[in-house]
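A.B. asks: The structure that follows is given in the form of structure tokens.
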């Protein structure tokens, strides 16, 4: 009976040891699986970080390039706002100003002479005044256009574009001056004819004692 009890005890001990070993083996296996999963997770996180870094750096490079292009474009546009000394010293600028002075001085001189001679009637003088006034206003617009072209921070234009604009203003101002001179010549011819007629009428009045 005692042998049977000892045998049973030994069997229980061995069984318990076997179960313990089995449990330890299962825990070890699970632990190894957990370590492997953790390692895989670390690798996944590392790959994600690497991908994010590549994307982030790529985005930064694209952004820098885009910003760089914009900056260059902005510098270029700002440069177009600056008028170079060559443009300001362009001879046509002085020619336009000189032509404008001639327009003003010549129309004022003729209009003053016409009004002081008592040859043209009031309607004719009004017509002459309106023509001169319109021409003067148009010539002032040429000066304003010229000021815009040769003043920095007013227009975005290259030097070549500014020079072409100045040439156009010069031609337009010259045309106005030429028109004024032709108009004045015609007005002077009419003035002399009317002046001659007036003298003849005055002489007839004197002749007939009127």
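Where a number appears in this text, it was derived from the coordinates with a stated rule and is not lab data. This is a predicted model, so every value here is computed, not measured. For neighbour counting, all protein chains shown are included, and Cβ atoms are generated from backbone atoms with ideal geometry for every residue, glycine included.
A.B. asks: Would you mind finding the one in 134, 122 that is exposed (fewer than 14 other Cβ atoms within 10 Å of the Cβ) and under 36 Å from the mean Cα position of the chain (by Cα)? Give the derivation first.
C.D. replies: On the way: 122 fails: under 36 Å from the mean Cα position of the chain (by Cα).
Just a single option satisfies the conditions, and that option is 134.
A.B. asks: Something else now. Could you tell me which residue of region 150-189 is nearest to residue 113 (Cα to Cα), considering only residues that are surrounded by 15 or more Cβ atoms within 10 Å (Cβ to Cβ) and free of Cβ contacts under 8 Å to residues at least 40 places away in the same chain?
C.D. replies: Residue satisfying both the conditions and the ranking: 172.
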